[in-house]
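Working notes, structure below.
The values are calculated or read from the model by the stated rules, or taken from the named source; none is laboratory data. Computed from a predicted structure; not experimentally measured. Cβ coordinates were reconstructed from backbone atoms using ideal geometry, including for glycine residues, and neighbour counts include every protein chain displayed.
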Amino acid sequence: MPSFDAVEAKGIDPVVILGQLIALAREIPYGLDVVRTATVYPPPEGAPATVEEWEALPEDSPYKEGPVIEELPADVRDTLAGIPESRLGELAERWGQIEEFAGFPPALRVLAELRDLARRAREEGEMLYCRFCV
């Protein structure tokens with residue numbers, strides 16, 4: 001089984017929670033369009049288009065069971081990679097105060113790990129992906 005360079009960030013979704021971090025880092029207002037992901041698995045071209053197609057899927061279909069893998073855009077990777085050490089504490093504090101972050105791991109640890117992962121991905125010309133279950 002291949003291994004992946006990853007950050008354990010269970011519960012941190014790309015659009016709302018990560019999106020708010022990206023807005024804070026960019027010093028822009030948050031909106032649902034700050035992070036626009038692209039589904040890479042299960043393949044969008046095979047997704048059921050109607051209720052009938054959905055109901056005809058086998059119970060173990062990845063469209064019903066997951067996991068779902070979303071690609072983050074390059075500008076999100078680059079925003080994370082560009083966070084300087086001097087801003088980590090301030091951003092982590094502000095990010096950790098958002099309502100949706102309650103109960104998650106310490107914001108500073110996750111932020112530093114995401115920033116470092118983004119730097120490695122950018123250096124290698126790779127993208128970032130978010131894996132989550134349905």
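Structure notes:
- Of the numbered criteria (1) surrounded by fewer than 14 Cβ atoms within 10 Å (Cβ to Cβ); (2) among the small types (Gly, Ala, Ser); (3) farther than 22 Å from Asp5 by Cα, the one Ala38 fails is (3).
- Counted as qualifying within segment 50-121 are the helices (runs of 4 or more DSSP H) with 1 or more residues that are out of contact with any Phe, Trp or Tyr (no Cβ under 8 Å at 6 or more places or on another chain) and more than 26 Å from Ala38 (Cβ to Cβ), namely 51-56, 85-96.
- Scanning segment 18-33 for residues that are part of a loop (DSSP other than H, G, I, E, B) and either more than 20 Å from Glu90 (Cα to Cα) or in contact (Cβ under 8 Å) with a residue 60 or more places away in the chain (or both) returns Gly31, Leu32, Asp33.
- Checking Ala49, Ala118, Ala56 one by one, the residue that is of a type in the set (Gly, Ala, Ser), within 21 Å of Lys10 (Cβ to Cβ) and out of contact with any His (no Cβ under 9 Å at 6 or more places or on another chain) is Ala118 and no other.
- One residue alone among Arg115, Arg122 is surrounded by 17 or more Cβ atoms within 10 Å (Cβ to Cβ), modelled with pLDDT of 95 or more and in contact with a Leu (Cβ under 6 Å, 6 or more places away or on another chain), and that residue is Arg115.
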